[in-house]
1. With the checklist (1) under 25 Å from L231 (Cβ atoms); (2) in a helix (DSSP H, G or I); (3) of a type in the set (S, T, Y) in hand, flag the one item T135 doesn't pass.
2. Mind counting the residues in segment 339-362 that are closer than 17 Å to G230 by Cα and either of a type outside the set (A, V, I, L, M) or not in a strand (DSSP E or B) (or both)?
3. Would a scan of segment 362-370 turn up a residue that is modelled with pLDDT under 90 and among the hydroxyl-bearing types (S, T, Y)?
4. Quick check, is V51 outside any helix (DSSP H, G or I) and β-branched (V, I, T)?
5. Looking at L387, L397, which one is touching a strand residue (DSSP E or B) at 6+ places or on another chain (Cβ under 9 Å), modelled with pLDDT of 90 or more, under 24 Å from S8 (Cβ atoms) and not assigned by TED's automatic domain parsing to the domain that holds D286?
6. If you check G210 against the conditions, is it buried (at least 18 other Cβ atoms within 10 Å of the Cβ) and either touching a helix residue (DSSP H, G or I) at 6+ places or on another chain (Cβ under 6 Å) or outside the structural domain of R113 (by TED's automatic domain parsing) (or both)?
7. Of all residues in segment 97-140, which are among the polar types (S, T, N, Q) and more than 23 Å from A69 (Cβ to Cβ)?
8. Starting from residues that are surrounded by fewer than 21 Cβ atoms within 10 Å (Cβ to Cβ) and in contact with a His (Cβ under 9 Å, 6 or more places away or on another chain), keep the ones in segment 1-32 and report whichever is farthest from V258 (Cα to Cα).
Amino acid sequence: MEMQVARSAWAEVDLDRLRHNIQIIINKITPEVKLMAVVKANAYGHGAVEVAKAAIAHGVYAFGVATIAEGIELRQAGIAAPILILGAIDAREVHAVVEYLLTPSVFTLPVARALHLVAQKKQVKVQYHLRIDTTGGSLGIEVGDVVAFLNKTKELSGLELSGIYTHLYSSYGQDDILVRQQISKFNNIVDDVKELMPQPIVVHAASTPGIVNWPETYYDMVRAGNILYGLAPEMDSDHYSKVIIRECIAVAKECKPVMQLKARIADVRKIAPGNLWVYGHQQLIDKETIIATVPLGYADGFPLAYIQNAQILIGGKKVAVLGKVVMDYFIVDVTELAGVAIGDEVVIWGEQAGETVTVDEIALHSRIRTVQGTSKVVETRISRASLCLLSTRLPRLYIGSEQTG
């Protein structure tokens, strides 16, 4: 099909691949388990509304978002399925939760009481999920406080508990002691809650690593994030080599990357040997070099302000990124390619003429520096960050038979 683009750089989203990945997940879980698609951060950069519309047609039961605004966007687009706000909400924001029939995660009494008051005024019941912290340091109510919290909220007639869940902190491991401890804690509290609350309650814990590694965490629903978009597990230089991701790799091979990032060459020129100055960046060129300018920069979220030794595709061949990525452009060395011209397609991540560059390869050459403790610097390379950071000025083009309009 002919694609009309607003500019010469775009993210191409294949909704047929999304459907394929959904089917892989459904085949993995048991028939009675519901599937939630996590579409926070604009569906990891893919476009929340389009992803949700395609997903709902292929067996997705509910959607997970991080903020109220993300939930409102789906409702305003006509998505009627349950929408769970996975993040914390402010007591001052509860009117929107009730108005748009969103399902909040509740784990503090001020938010519970604020929701109750709004629900009473509107003469409705707000169904909520209780988020439980099974690690001792993440978002949610601590295990030991759950029963007391529920006894207090039972007095709030505007609220109704409809689900409980936890986040498995370290579920990529093959024999992870921590996640087994989490599962044990969670199972115990689920039993307590079901004894205390007579109504049906949706229980969930598994995100992508739980889906592929821990079938005992399926419960009533699973939350698919990375795997939905064909992304590999997150990694960092200090921890990745120690983490055994076992079946994640096998499942990732079955799933297909949904997004490709593309552009068209804006300029081609020959550079004599010497110093190359590009937007304040100096680089020594020891031979005559042909460079091509790609109209994509850090204002588009690609993917950070500096890429070291990264390669992209032109004409089905890998070429090296030179120097810095600036706000609107970066340059590549195309000396070894014949006949490169303005307007030629560039694939930053994706496939071209039988060759592939993955978003993980781009992430591998990105540098997100964090400090642990007082002095230890860790370089984190998370592929999904590259997608989530793509800006709204970059058009999303939806292809495949699953186009939603």
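1. So T135 meets the others, but not (2).
2. We begin by selecting, within segment 339-362, every residue closer than 17 Å to G230 by Cα; these are 348-351, 356-362.
After this cut, where a residue has to be either of a type outside the set (A, V, I, L, M) or not in a strand (DSSP E or B) (or both) as well, the list is 349-351, 356, 358-362.
Qualifying residue count for the region: 9.
3. From segment 362-370, those modelled with pLDDT under 90 are 362-370; that's our starting set.
Subset that is among the hydroxyl-bearing types (S, T, Y): 366, 370.
So far as segment 362-370 goes, yes, one or more of its residues are modelled with pLDDT under 90 and among the hydroxyl-bearing types (S, T, Y).
4. Working: outside any helix (DSSP H, G or I): no; β-branched (V, I, T): yes.
No: the conditions fail for V51.
5. Numbers: L387 fails: modelled with pLDDT of 90 or more.
Of the residues listed, the single one that is touching a strand residue (DSSP E or B) at 6+ places or on another chain (Cβ under 9 Å), modelled with pLDDT of 90 or more, under 24 Å from S8 (Cβ atoms) and not assigned by TED's automatic domain parsing to the domain that holds D286 is L397.
6. Details: buried (at least 18 other Cβ atoms within 10 Å of the Cβ): yes; either touching a helix residue (DSSP H, G or I) at 6+ places or on another chain (Cβ under 6 Å) or outside the structural domain of R113 (by TED's automatic domain parsing) (or both): yes.
Yes: the conditions hold for G210.
7. Residues of segment 97-140 that are among the polar types (S, T, N, Q), as a first pass: 103, 105, 108, 120, 123, 127, 134-135, 138.
Result: Q120, Q123, T134, T135.
8. Among those that are surrounded by fewer than 21 Cβ atoms within 10 Å (Cβ to Cβ) and in contact with a His (Cβ under 9 Å, 6 or more places away or on another chain), it is I26.
The values are calculated or read from the model by the stated rules, or taken from the named source; none is laboratory data. Note that the structure is predicted; figures quoted are calculated from it, not measured. Here Cβ is always computed from backbone atoms with ideal geometry, including for glycine, and neighbour counts include all displayed protein chains.
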